[in-house]
Amino acid sequence: MTELFEELVLTPEEELATEALRIIDKKIERIAPANVQKASQITRFRSADSHTGFFVRLADKKERVPIGSMGDGIWRILGLALATVYAKDGYLFIDEIDTGFHFTTMSGMWKMIWDTAKRLNVQVFASTHNSDCWQSLADIAEQEDATDDGIRIHRIEKGKEKSIVFTEKQIAIAAKRELEVR
């Protein structure tokens with residue numbers, strides 16, 4: 001992922017990556033790739049069981065913080081942001097999009113994907129079995145003018161030839177009435 005991020009440095013998309021990380025931790029001010037090969041032995045030892053390759057600067061800390069020490073959600077949101085940017089003018093397929101996220105961050109995750117996909121002309125296909133995840137998508141569908149761009153949920157049922165399609169309006173209604181769409 002560091003190679004992908006390095007391609008974004010000093011471009012408008014670099015700020016997208018930082019904004020994505022703020023979905024998980026609002027104190028993040030900046031992200032920078034780490035030179036893993038030059039990292040001290042103590043840093044490598046501390047991060048042996050976590051993701052490495054990036055440091056972040058937090059508003060309330062003087063020293064840089066290895067991104068791997070901040071949990072899986074931060075790593076996952078960075079991956080989604082980079083994948084969306086690199087899918088420019090194309091398609092992005094994400095299996096189990098909610099993996100690694102606390103339910104409180106899912107609306108922010110969907111908003112980041114929605115805004116980035118619209119800006120960069122990316123069509124996103126995502127799967128989930130998590131009701132918090134699709135209900136967070138319903139929040140975005142209700143807030144945004146999604147009709148032209150088309151937020152949809154497709155429920156696939158065993159033995160059926162066609163999926164059941166829910167439009168953004170139907171998704172919002174289902175979420176309010178606590179109806180199942182999965």
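Evaluate the following for residue 105: is it β-branched (Val, Ile, Thr), in contact (Cβ under 8 Å) with a residue 40 or more places away in the chain and under 17 Å from residue 12 (Cβ atoms)?
Taking the combined requirement at face value, the residue does not satisfy it.
One residue stands out in the range 112-128 among those that are within 25 Å of residue 25 (Cα to Cα) and of a type in the set (A, V, I, L, M): the one that is surrounded by the most Cβ atoms within 10 Å (Cβ to Cβ), namely 113. The set of residues in the range 156-175 being surrounded by 11 or more Cβ atoms within 10 Å (Cβ to Cβ) and more than 19 Å from residue 126 (Cβ to Cβ) consists of 169, 173.
Just one of the listed residues (111, 88, 118) is over 12 Å from the mean Cα position of the chain (by Cα) and not in a loop (DSSP other than H, G, I, E, B), and it is 118. Determine whether residue 89 is modelled with pLDDT of 90 or more, more than 22 Å from residue 169 (Cα to Cα) and either among the basic types (Lys, Arg) or in contact with a helix residue (DSSP H, G or I) (Cβ under 9 Å, 6 or more places away or on another chain) (or both). The answer is yes for residue 89. Only residues that are surrounded by fewer than 15 Cβ atoms within 10 Å (Cβ to Cβ) and over 15 Å from the mean Cα position of the chain (by Cα) were counted across the range 65-77, and they come to 1.
Screening the range 80-111 for residues that are among the aliphatic types (A, V, I, L, M) and crowded, with 22+ Cβ neighbours inside 10 Å and picking the one that is farthest from residue 155 (Cα to Cα) gives 85.
Determine if the range 121-140 includes at least one residue that is outside any helix (DSSP H, G or I), among the acidic types (Asp, Glu) and at pLDDT 85 or above. For the range 121-140, residues outside any helix (DSSP H, G or I), among the acidic types (Asp, Glu) and at pLDDT 85 or above: absent. Of the set (1) within 26 Å of residue 11 (Cβ to Cβ); (2) in contact with a Lys or Arg (Cβ under 8 Å, 6 or more places away or on another chain), all apply to residue 134 but (1).
The requirement of being over 18 Å from residue 136 (Cα atoms), modelled with pLDDT under 90 and either part of a loop (DSSP other than H, G, I, E, B) or touching a helix residue (DSSP H, G or I) at 6+ places or on another chain (Cβ under 8 Å) (or both) is satisfied by residue 52.
The values are calculated or read from the model by the stated rules, or taken from the named source; none is laboratory data. Keep in mind that what you see is a predicted model, and the values were worked out from it rather than measured. In this analysis, Cβ positions are derived from the backbone assuming ideal geometry, glycine residues included, and neighbour counts consider all displayed protein chains.
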